[in-house]
There are 4 protein chains.
Amino acid sequence: MSGQKLQTAVLGATGYAGFELARLLLKHPKVATPLFLARAGEAAGKQLEEFYPELGPQANYPLEPFDWELLKQRAVKVLFLATPHELSRELVPQALQEGIRVVDLSGAWRLKAEANRAVYGFTDADAALAAKLDAEAVYGLPELHREEIAGARLVANPGCYATSVIVPLAPLVKAGLVDRKRGVICDCKSGVSGAGKKPTQKTHFVEVADNFSAYSVFGHRHTGEILEQAGLDDDELTFTPHLLPIPRGILSTIYVSLARPAAAAEIERVLRGAYGAEGFVRIYGNKHLPQVSYSLHTNFCDVGFELARDGRRLTIVSCLDNLMKGAAGQALQNMNVMLGWSEKEGLA
Amino acid sequence: MSGQKLQTAVLGATGYAGFELARLLLKHPKVATPLFLARAGEAAGKQLEEFYPELGPQANYPLEPFDWELLKQRAVKVLFLATPHELSRELVPQALQEGIRVVDLSGAWRLKAEANRAVYGFTDADAALAAKLDAEAVYGLPELHREEIAGARLVANPGCYATSVIVPLAPLVKAGLVDRKRGVICDCKSGVSGAGKKPTQKTHFVEVADNFSAYSVFGHRHTGEILEQAGLDDDELTFTPHLLPIPRGILSTIYVSLARPAAAAEIERVLRGAYGAEGFVRIYGNKHLPQVSYSLHTNFCDVGFELARDGRRLTIVSCLDNLMKGAAGQALQNMNVMLGWSEKEGLA
Amino acid sequence: MSGQKLQTAVLGATGYAGFELARLLLKHPKVATPLFLARAGEAAGKQLEEFYPELGPQANYPLEPFDWELLKQRAVKVLFLATPHELSRELVPQALQEGIRVVDLSGAWRLKAEANRAVYGFTDADAALAAKLDAEAVYGLPELHREEIAGARLVANPGCYATSVIVPLAPLVKAGLVDRKRGVICDCKSGVSGAGKKPTQKTHFVEVADNFSAYSVFGHRHTGEILEQAGLDDDELTFTPHLLPIPRGILSTIYVSLARPAAAAEIERVLRGAYGAEGFVRIYGNKHLPQVSYSLHTNFCDVGFELARDGRRLTIVSCLDNLMKGAAGQALQNMNVMLGWSEKEGLA
Amino acid sequence: MSGQKLQTAVLGATGYAGFELARLLLKHPKVATPLFLARAGEAAGKQLEEFYPELGPQANYPLEPFDWELLKQRAVKVLFLATPHELSRELVPQALQEGIRVVDLSGAWRLKAEANRAVYGFTDADAALAAKLDAEAVYGLPELHREEIAGARLVANPGCYATSVIVPLAPLVKAGLVDRKRGVICDCKSGVSGAGKKPTQKTHFVEVADNFSAYSVFGHRHTGEILEQAGLDDDELTFTPHLLPIPRGILSTIYVSLARPAAAAEIERVLRGAYGAEGFVRIYGNKHLPQVSYSLHTNFCDVGFELARDGRRLTIVSCLDNLMKGAAGQALQNMNVMLGWSEKEGLA
């Protein structure tokens, strides 16, 4: 039975996004139990349930040491990388050479413009090959790049903040409704799982609870993705991330000056035109704004907005679960697209 | 002993701001135990400790029915109104007639422009007198209006959101640094105590925890205060309040386009010029942004900022405790100013 | 298609347990879209998505006024009552008369001993019929009463606290391991959704956050269920509920004096003997204690324990999601048993 | 001016309890600005405000490298150790030799019985001296040992859990009301700051939020303190700590079997007899149970109880702030006692 199912592997299932992905894959009707991998010296040799005892006392998910031979033996067709971007940068060339398709959850392959990639400071062993793969990699937002994803060898799964901003912004920019010269402001707020599982002072419960803070002002790595995918120039975007005292979820408040006075109905029409047929974007329009809780544990990106009486100032509210549509859920959606399956498979 | 201390009264000590004020007054070295008042049919006749058992099993703070005779008998000099704005609108004329100075924590007397007051829909019994008092009322932000507060009969204690925005914004607008035409965006986030003690669906724990939401987009009552006090025109301000899953605290992220490129040092100079000698404004500058937790349970308004490399886009972060500098602490500070006392008395 | 699916109805889907049940039923592969019902003067005539906008902007789930004719027209086979116990007490006799099987989530029909029912103060219109139904009603804990549930017309879905205590305690008492004379102490902690959706001072975010409290000490209504189902006498049980500052989840710490010194392996053997074949009870044994988070959004009851070196003092930790195994999940499990389906259907 | 004030030093002010103590000392009217000390290789050479920016942008509190000469130069009279117990064990002998009185916040010197100390595994350089100091050290619960504290050179500040249990339990045991043979059960719940400032997986926000768990069942280090101070034998006490998703605060639910049936009034009489004149113990009696929030940011230990109708089963609820009465507040109270000052000085 399971032999007919898709063979996948996950490197980094001990992290928050990686484990969310593990859970989704374990429930996916067309996917075999994934091969869980870990790098030597870390979790390799342990069991996934040591990190996530909620898997239950009977669970048995060994974390195998990462090894290309093992991937071949198991006939892995899709490799998910929930790893630091340096590691993704290192592993992807060989994976493709081995004929394994990759969905990379890191920021390693998302950026087309070299200037935007600079912030990551990649040191590729084979720069020419890396440049070729940079060009080949497909930005894994199915709502924008479905066709390319379907045929892609390498899908760069989008950043969580970036997804929440690009989804509502891209069609408005494309429709010429945005007065880009006046600047777009993205005031984004994320739950703590976005900061990763490794304990730091910043993620200590006592520092986060009863608190709220801005960080990486004018310096967050998702900026480049938003610029490239929404179609803005560098100084047209102001993006401020904030840390919410909640485990998961993102709400982005996006401030747009319209190029000409518009009615709410026109804004809604553009958004529905772009996403009306989509299964994972919900347009709440301007009657009721989405909240973080609405999309928790789902793969939805929820969008609502309000327009000022002057018809020029548009305030958009966009919400998603940073571990789902912002990471693992979108990765699974991408896999579904790559395999030609229904996008909702394993996600409904 | 207590006869030489200031006699005060608080109407509305059962609410969150009113109780914070009660606590401050009970510890103020120059203030006698306040007269706690309640309107008939509500809390009148009960004890304050029934609502706040943290006062201790030995507490004895009766909530007297509101009565002008009682205020006179007790020789009350300052009356604090922690009441709905309609009630403040009703009571203030007589209080002043009785020779009692008032610090009103509601929005009843904060606005100078009739257009801005419209949102409250006041129905004054004596419209002419109300108009006179509207003109006489002093906006109780001591950092901006210290002298008028000192001599005022009626001090309109500012709104919590408004304080967090006006403090950093007013001196920048005054210095001509703000390109008002491009618009100022205030993305503000508040803890739940700002929504009041009355239980509603919106403040139910299950609705707020793990959640985050925007509300009153383009329609919050504090908008008028910000316009008047910061010196902006109606369509120059976009103000979006959000509800944080924390009991108290506000963080406002304020986006300003500068009228000309500036250096961070100049911004800091303007802010320090305005507040360097102030006891309750802390300028964190652009080295470290303040967080909500820094000012909790204090009367500080903390201000920090970051400037984009283009020197044109300024992102300000401003924090305060909505029950302290945003309500009761500021009310006490106003009382100190009115009495000619050190502003820190009872607040340090 | 849907005509072949089971027709169900839910009265009270606007409450937390009722909505959790609605969500489960909507995803159940063998159940048609349920008929959502509301009593006149409340939610009747509104839409479920007004109360739960997370259903999405396209949702369309009308709340029909409760009406026996409508139940018959729709050929409803199973009626779920997520209602106050007085209302369940009132409606159940007629439902059974109409040939509709009932799963009642309230405390109305859980108790066999009249003395235990006294705490509810029922005033039945037809006392004789009520007494007959009290005797007929099956306590809906499938792990203990599977066979009776399968044939039952009226299933009394257990209380959330009660489930968390009865599951680990019942087999130990039955095995004669518990020194009942020394008393069993159940120190139970629940998230706030257990207190219901109606906003009260007690469930206000500001009262719950950063707080923790005991309540209903020696007076909680679930006491009777525990006594009857675990097999204890009145003065052998001390049960203390506490309110946790989390939306959902229960952890019960249960203190048992053993009738004779035992080894951990024997305790584990008894628990595994009782539940080893169960799909919704997970025995963590004494190697790792379950935590609240492990069973959130699942129908599991997780059980772990530690034994003192004297082999006499046993401390059990039991966790479940109060809206799932503690309410809606268990209700669905009961429905599956009643229909002869796999118990995991719609719950895995 | 400050020369007449008490010279103190704090080693470990970067931890949560140490910083709470720093804040209290900085506001204490009879204490000079403390000397803040750090061990080489850690925080030494940095500023306290780098760890706690809420001190404000103008703060200037250097963390001096720990050095006995410096302590002498500054004529330090009282040294507070907010350090790991091994370090306290190492430093105390010399401190006393230098004539410096010590309040130690660790568990190093709290235990009289060697068997109870075994859990710490101390390896003292001078075992004989250590044993002498073990005997000399005074358990710093002023309500029980006020006179010895007044003259002590070495005060062992009690554990947070231990304080919450000993305060209500000790007078009941002493009064002979407790049926010790039936066992006393302490089900204790603490906020996360009790786990220290060092980030670990256990204190990561995502692991704690929406969660609740028991830990160190039958194995927590505070057990020995409770046994010794409350007057119980080893197998008479079952103590279970739990981790609450709140930053600070403890609630202990204590289950006692009475030696003979008693009335609530008698229990209250015993508690009031013990603490009626105390400034930091509040007896709520059996009318209203204390909650965690009541004593937050105060030095109170709040006690309430309920008695079963059988008059034999007593359930006590005891609350305190683990950083105040459970650590820094109690340390300051001890200092006040040692100096012969009012105990409320700096704590009211």
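Between chains B and A there is a rotation axis; tell me the chain B residue with the nearest beta carbon and how many whole Å away it sits.
Nearest to the symmetry axis by Cβ: B:D187, 2.
How would D:L26, D:L48 line up from fewest to most surrounding beta-carbon atoms within 10 angstrom?
With the fewest neighbours first, D:L26, D:L48 line up as D:L26, D:L48.
Shape call for chain D from the C-alpha gyration tensor, a ≥ b ≥ c root eigenvalues: rounded (a/c under 1.5), prolate (a/b greater than b/c) or oblate?
The shape class here is prolate.
Taking the Cα centre of chain D as origin, work out the dipole magnitude from +1 charges on Lys and Arg Cβ and -1 charges on Asp and Glu Cβ, in debye rounded to 20.
700 debye
Give me the log10 of I(q) over I(0) for segment C:246-324 at q = 0.21 Å⁻¹, as the Debye formula computes it from C-alpha points; what are the numbers?
-0.91
Rg and Dmax of segment C:153-246, Cα atoms, in Å?
15.0, 46
Angle, helix D:142-151 long axis vs. longest principal axis of chain D, Cα atoms, 0 to 90°, nearest 10?
40 degrees
Calculate the length of the line joining the C-alpha centroid of segment A:139-175 to that of segment A:297-348, in whole Å.
Between the Cα centre of segment A:139-175 and that of segment A:297-348, the gap is 10 Å.
Over segment D:160-320, what is the relative contact order in whole percent, taking alpha-carbon pairs under 8 Å and six or more residues apart?
29 percent
To the nearest 20 debye, what charge dipole does segment B:160-320 have about its Cα centre, counting +1 at the Cβ of each Lys and Arg and -1 at the Cβ of each Asp and Glu?
200 debye
Quick one: in segment C:160-320, what % of C-alpha pairs are over 21 Å apart?
Cα-Cα pairs in segment C:160-320 separated by more than 21 Å: 45 percent.
Go through D:P290, D:G18, D:L87 and say which Cα lies farthest out towards the positive end of the charge dipole of chain D; charges sit on Cβ, +1 for Lys and Arg, -1 for Asp and Glu.
Result: D:P290, furthest along the dipole toward the positive end.
Going by Cα centres, segment C:245-291 and segment A:265-292 are how many Å apart?
Cα centroid of segment C:245-291 versus Cα centroid of segment A:265-292: 48 Å apart.
If you fit an axis through the alpha-carbon atoms of helix C:85-97 and take the longest principal axis of the Cα set of chain C, what angle between them do you get, 0 to 90°, nearest 10?
For C:85-97 against chain C, the angle is about 60 degrees.
Over the Cα atoms of segment D:78-123, what is the Rg over Rh ratio if Rh follows Kirkwood?
Rounded to two decimals, Rg/Rh equals 0.97.
So in the protein assembly as shown, what percent of DSSP beta bridges are antiparallel if you round to the nearest 5?
Percentage antiparallel, nearest 5: 45.
How compact and how long is the protein assembly as shown, expressed as Rg and Dmax of its alpha-carbon atoms in Å?
Spelled out, the Cα radius of gyration and Dmax of the protein assembly as shown are 32.3, 92 Å.
Suppose every Lys and Arg Cβ carries +1 and every Asp and Glu Cβ carries -1, with no other charges. What dipole size does the protein assembly as shown come out with about its Cα centre, to the nearest 20 debye?
0 debye
Using the 7 Å Cα-to-Cβ label point, sort the distances from A:S216 to its equivalents in the other copies shortest first and give them in nm to one decimal.
List, nearest first: 3.2, 3.6, 4.5 nm.
In segment D:160-320, if the dipole is taken from +1 on Lys/Arg beta carbons and -1 on Asp/Glu beta carbons about the Cα centre, which of D:T253, D:A277, D:H222 is farthest to the positive end?
Towards the positive end, the residue furthest out is D:A277.
Set the Förster radius R0 to 45 Å, insert the Cβ-Cβ distance between D:E114 and D:E345 as r into 1/(1 + (r/R0)^6), and round the FRET efficiency to 0.05.
So, using R0 = 45 Å, E works out to roughly 0.80.
When DSSP assigns beta bridges and you keep just the ones with both residues in chain C, what percent turn out antiparallel, to the nearest 5?
Just about 45 percent of them are antiparallel.
For segment B:179-226 and segment A:83-109, what is the separation of their C-alpha centers, rounded to whole Å?
Centre-to-centre (Cα) distance: 42 Å.
Compute the helix-to-body angle for D:127-136: its Cα long axis versus the longest principal axis of chain D, expressed 0 to 90° and rounded to tens.
Approximately 60 degrees, to the nearest ten.
Find the lysine pairs in segment B:148-235 meeting two conditions, Cα atoms under 27 Å apart and a separation of 8 or more places or different chains, and report how many there are.
Here the count comes out as 5.
Leaving out same-chain residues fewer than 8 places away, which lysines sit with a Cα under 17 Å from that of A:K112?
Of all the lysines, those that pass the test against A:K112 - Cα under 17 Å, at least 8 places apart if same chain - are A:K132.
List the distances, in nm to one decimal, from the label point of D:D67 to the label points of the same position in every other copy, shortest first, placing each label point 7 Å from Cα along the Cα-to-Cβ direction.
5.6, 6.9, 8.9
Output, in nm with one decimal and in ascending order, the distances from the D:Q94 label point to the matching label points of the other copies (7 Å from Cα along Cα-to-Cβ).
Label-point distances to the other copies, shortest first: 5.2, 7.3, 8.5 nm.
Mind checking which lysines have their Cα closer than 21 Å to the Cα of B:K27? Skip sequence neighbours fewer than 8 apart in that chain.
Partners within reach: B:K5, B:K77, B:K325, B:K344, D:K27, D:K30, D:K325, D:K344.
We did not get these values from a lab; they are worked out from the coordinates using the rules stated. Predicted model only: the values in this text are computed from it and were never measured. Every residue, glycine among them, receives a Cβ derived from its backbone with ideal geometry; neighbour counts consider all protein chains shown.
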